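Notes to accompany the following structure.
A short reminder: the numbers here are calculations on the coordinates, not readings from a lab. Quantities reported herein were computed from a predicted structural model and do not represent experimental measurements. For neighbour counting, all protein chains shown are included, and Cβ atoms are generated from backbone atoms with ideal geometry for every residue, glycine included.
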Amino acid sequence: MTAITYRLAQKRHLITPLPGPRSAELTARRRQAVPAGVGSSVPVYAADADGGVIVDVDGNSLIDLGSGIAVTSVGASDPGVVEAVREQAGHFTHTCFMVTPYEGYIRVAEELAELTPGDHEKRTVLFNSGAEAVENAIKVARLATGRNAVVAFDHAYHGRTNLTMALTAKTLPYKHNFGPFAPEIYRMPMSYPYRDAEGLTGEQAARRTISQIEKQIGADALAAVIIEPIQGEGGFIVPAPGFLPTLAAWAREHGVVFIADEVQTGFARTGSWFACDDENVVPDIITMAKGIAGGMPLAAITGRSDLLDKVHAGGLGGTYGGNPVACAAALAALDTMRTHDLPARARAIGDTATRRLRALAAEVDVIGDVRGRGAMIAIELVRPGSTDPDADLAKRIAAQCLDDGVVILTCGTHGNVIRLLPPLVIDDDLLADGLDVLAQAIRTAADN
């Protein structure tokens, strides 16, 4: 990574207990204005952020190991993104691409055609959120194939809209009492090496899944298979090698659209531009969001031209989809990723974090698994002497980290996984300090 000049000091510094008085005041105001159904992981309120730090309204500087859930990969105020947003906003903030189009949308589509896996002819549509991208990928697959059924996986997360809730596996908090959900969604087993039968290969796990698809649905009724190449909310589950290629090859053979949901894994996060690159998997459609635009709301689907071009005029779009300011931010964010070689930086972050966490796992008996790829790392916590998930332990560790000035996130079907998603521009000293705090929190929780 080339040298980065940061606007804010890249160090952890606490001047009040957390949350501080100003954050507590905002929490009181929030209760009167925002419904309880909108949750927040930590009770501190941001005032500034840069590189790998978040400064709260009380002046505390916290280490950010979450990146707003893998969004601010280039940092929360990357100079290139900030300038691009300022420049574009000074000309126009909106015309609607479906009314008066503009070049920025086309430039983003061209970039995504170049970056995404495969050298086939592609088309791209821009949207606002990952869930919207997933909805539209399913729309395209159903129209193009003339079929209705869609396969999703155990532990999957695809969004909070009606269709994407149906695709998502976890009930609480995402689906509870929000049904009925969209029909013709079928759930299949995922490759989960830590919890699969010992010795089960990726190809064998894929054949298990394929057998169930053929028995329960039939390939001729199946429009699409949608899968996160590394599952996010489900626990950063990395399927065994061979699982994705075997599944993709079967889909191709049977005319089933293979959709890779790279909303969380895309844009250098896993050490490649996309997680599918690791096993040379070429999806028919890829969904993207989060890290695409340096924090601005933008999402996309990029797919085979013969699929997307089947959709009738007006069948895809949206008032804000491909907003010109968000497009400018995306082009600047992609430039930053290239300039600083953030795929390589993600690999370096992953090497550092994984080495330290696996050494820690040898010290304590509450870490069942350390896994991930690049700067997408997970620690699965279990009760000592077992593989039983320990969600309470994960909560205690996250709370202790916050007390000490480090923001981390939890996830997993059972809530027992700590996930690390640092900004890819975090410096080595700040990363080391954050990992020190996390390691001490785990040791303390294990002792207690």
- Query: So which lysines can K139 reach, going by Cα to Cα under 28 Å and dropping same-chain residues fewer than 8 places off?
  - Reply: K122, K170, K175, K215, K290, K310
- Query: Within the chain, which complete DSSP H helices have Cα atoms spanning at least 20 Å along the helix axis and a mean Kyte-Doolittle hydropathy of -1.0 or higher?
  - Reply: 130-145, 324-339, 342-363, 428-447
- Message: Using the Kirkwood radius over C-alpha pairs as Rh, can you work out the diffusion coefficient of the chain via Stokes-Einstein at 10 °C, viscosity 1.306 mPa s, in µm² per second?
- Response: 71
- Message: Based on the alpha-carbon set only, what is the convex hull volume of the range 82-339 divided per residue, in Å³?
- Response: 128
- Item | Potential extension, M98-D392 segment - 0.36 nm per residue separation minus Cα distance | 101.0 nm
- Message: Per 0.36 nm of contour for each residue apart, how much would the distance between H120 and A46 grow if the chain were fully extended, relative to their Cα-Cα spacing?
- Response: 22.3 nm
- Mind listing the long-range amide H neighbours of G368? Cut-off is under 5 Å, sequence gap 5 or more, other chains count too, H placed in the peptide plane at 1.01 Å from N. E380, L381, V382
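Provide the net charge surrounding T161, with neighbours chosen by a C-beta distance below 11 Å and charges set as Lys +1, Arg +1, Asp -1, Glu -1.
Computed value for this residue: -1.
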- Message: Contact order normalised by length for the chain, with contacts defined as Cα pairs under 8 Å and 6 or more residues apart; what percent is it?
- Response: 22
- Across all directions of projection, what mean area in square nanometres is found for the Cα convex hull of the range 55-133? 8.0
- Out of L18, F178, A446, whose Cα points farthest toward the positive end of the dipole of the chain (charges: +1 Lys, Arg; -1 Asp, Glu; placed on Cβ)? F178
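When all alpha-carbon pairs of the range 258-314 are counted, what percent fall beyond 16 Å?
Taking all Cα-Cα pairs of the range 258-314, the fraction more than 16 Å apart is 46 percent.
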- Query: In what sequence do V257, V370 fall when counting other Cβ within 10 Å, fewest first?
  - Reply: V370, V257
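Provide E233, E87, E262 in ascending order of the number of other Cβ atoms located within 10 Å of each residue's Cβ, fewest first. If you can, show how the numbers build up before the last one.
Values: E233 22, E87 12, E262 31.
With the sparsest Cβ surroundings first, the list reads E87, E233, E262.
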- Show the residues, 5+ positions off or on another chain, whose built amide H is closer than 5 Å to the amide H of I377. L420
- Message: Taking R0 as 25 Å, what FRET efficiency do you get between N280 and R207 from their Cβ-Cβ distance, rounded to the nearest 0.05?
- Response: 0.80
- Query: Quick one: in the range 294-429, what % of C-alpha pairs are over 26 Å apart?
  - Reply: 45
- Message: Using 0.36 nm times the number of residues separating A439 and R195, minus their current alpha carbon distance, what extension gain do you get?
- Response: 85.4 nm
- Message: Take D306 and E363, extend 7 Å from each Cα along the Cα→Cβ direction, and tell me the distance between the two endpoints in nm.
- Response: 5.6
- Across 10 Å bins beginning at 0, the whole-percent shares of Cα-Cα pair distances in the range 120-164 come to 23, 51, 26, 1
- What's the FRET efficiency of I106 with L172 using the Cβ-Cβ distance as r and R₀ = 41 Å, to the nearest 0.05? 0.45
- Computed FRET value (nearest 0.05) for H13 with K215, which takes r as the C-beta separation and R₀ as 35 Å: 0.05
- Item | DSSP-defined beta bridges in the chain - what % are antiparallel, rounded to 5 | 65
